[in-house]
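Inspection log for the structure reproduced underneath, given as structure tokens.
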Amino acid sequence: MAVNVLIIAAHPDDEILGMGGTISKHTSQNDDVTIIYMATGITARRELSNDKHEIKNIPKITQQQWQKEINQLRIDAKKSAKLLSVKNVKFYDFPDNEMDGIQLLKVVKIIEKEIKETKPDRIYTNHYGDLNVDHKVVGNAVLTACRPSGFLVKEILCFEVLSSTEWSYPYNFSPNYFSNIEKHLTKKVNAMKLFKSEIREFPHPRSSENIRNVAARWGSVCGFKAAEAFELIRKIEK
């Protein structure tokens, strides 16, 4: 039976770094996959005052350039989704790396609306303990929106994001669910390469080589050549 999957990611590329192989696996099994991005991924670029070291509301880049970068990132996200055979993608406009300044209830209400519309069997989202503040907010907002009342989401899993999860202190990503992606690792790497502004050279965590290294590492934990790791937060059997 097909699984209805909802992926709620703080930024474009989070879902590829954390579960690109698993996304490919889902779509190859004819599961229905929807990806929702909460923040723009661009708007954290601010100028600092020389005397007060305070953040100004004036971007280093012009408004036109800023919008161009957002548009390009979204084009890359759509190309990546298409490569993984994902048909449903939606973008919200919360400011990048500033979601800790947004009322949690506002984020929760949006997620509740998306859950009501998509009626997912399974939700994947950012880990609530990541270094990135947007990841923390989105992870916690998903858990709040998935309170066991109203529509019941059967499974909730958190994925890691390379260059955020492993840099957090204390490191509290404790995977207890692993997905074999031996047949999907190459597609994951190719999907990440489409994010031209985000892919990096080795030894950066977001490099193609490191993506393969991490997949091999998790694979060795569970007996496969390549795997992705998740923290299963909740599983409800009816």
Residues of region 166-183 satisfying the condition of being surrounded by 14 or more Cβ atoms within 10 Å (Cβ to Cβ) and either more than 13 Å from residue 228 (Cβ to Cβ) or in contact with a Leu (Cβ under 9 Å, 6 or more places away or on another chain) (or both): 166, 168, 175, 177
Scope region 142-154; condition in a loop (DSSP other than H, G, I, E, B) and not hydroxyl-bearing (Ser, Thr, Tyr); matching residues: 146, 147, 148, 150, 151, 152, 153, 154
Failed criterion for residue 139 (all others in (1) assigned to a helix (DSSP H, G or I); (2) farther than 20 Å from residue 218 by Cβ; (3) of a type in the set (Gly, Ala, Ser) hold): (2)
Checklist (1) at pLDDT 85 or above; (2) surrounded by 18 or more Cβ atoms within 10 Å (Cβ to Cβ); (3) under 27 Å from residue 73 (Cα atoms) applied to residue 196, failing item: (2)
Top-ranked residue in region 98-119 [being in contact (Cβ under 8 Å) with a residue 40 or more places away in the chain and in contact with a helix residue (DSSP H, G or I) (Cβ under 9 Å, 6 or more places away or on another chain); ranked as surrounded by the fewest Cβ atoms within 10 Å (Cβ to Cβ)]: 104
Scope region 190-238; condition part of a helix (DSSP H, G or I) and among the polar types (S, T, N, Q); matching residues: 190, 208, 210, 213, 220
Lone unmet requirement of (1) touching a strand residue (DSSP E or B) at 6+ places or on another chain (Cβ under 9 Å); (2) within 18 Å of residue 77 (Cα to Cα); (3) of a type in the set (Phe, Trp, Tyr); (4) not in a strand (DSSP E or B) for residue 91: (4)
Any hit, region 94-109, residues being farther than 12 Å from residue 10 by Cβ and among the charged types (D, E, K, R): yes
Matching residues in region 135-155 - criterion: being under 16 Å from residue 109 (Cα atoms) and surrounded by 19 or more Cβ atoms within 10 Å (Cβ to Cβ): 137, 138, 139, 141, 142, 145, 146, 153
Subset of region 1-23 (residues that are touching an Asp or Glu at 6+ places or on another chain (Cβ under 7 Å), hydrophobic (A, V, I, L, M, F, W, C) and in a loop (DSSP other than H, G, I, E, B)): 2, 3, 10
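Output the residue which, of all residues in region 184-193 that are crowded, with 19+ Cβ neighbours inside 10 Å and either of a type in the set (Val, Ile, Thr) or over 16 Å from residue 219 (Cα atoms) (or both), is farthest from the chain's Cα centre (by Cα).
The residue in question is 187.
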Neighbours by Cβ (under 9 Å, 6+ apart or cross-chain): first from region 70-96, closer than 24 Å to residue 31 by Cα and modelled with pLDDT of 95 or more; second surrounded by fewer than 21 Cβ atoms within 10 Å (Cβ to Cβ) and among the small types (Gly, Ala, Ser): 76/197; 85/28
Check on residue 157, in a loop (DSSP other than H, G, I, E, B) and either modelled with pLDDT of 85 or more or of a type in the set (Val, Ile, Thr) (or both): no
Hey, residue 172 assigned to a helix (DSSP H, G or I) and over 15 Å from the mean Cα position of the chain (by Cα) or not: no
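The values are calculated or read from the model by the stated rules, or taken from the named source; none is laboratory data. Because the structure is predicted, anything quoted here is derived from the model rather than measured. Cβ sites come from the backbone with ideal geometry, for glycine too, and all protein chains shown count toward neighbours.
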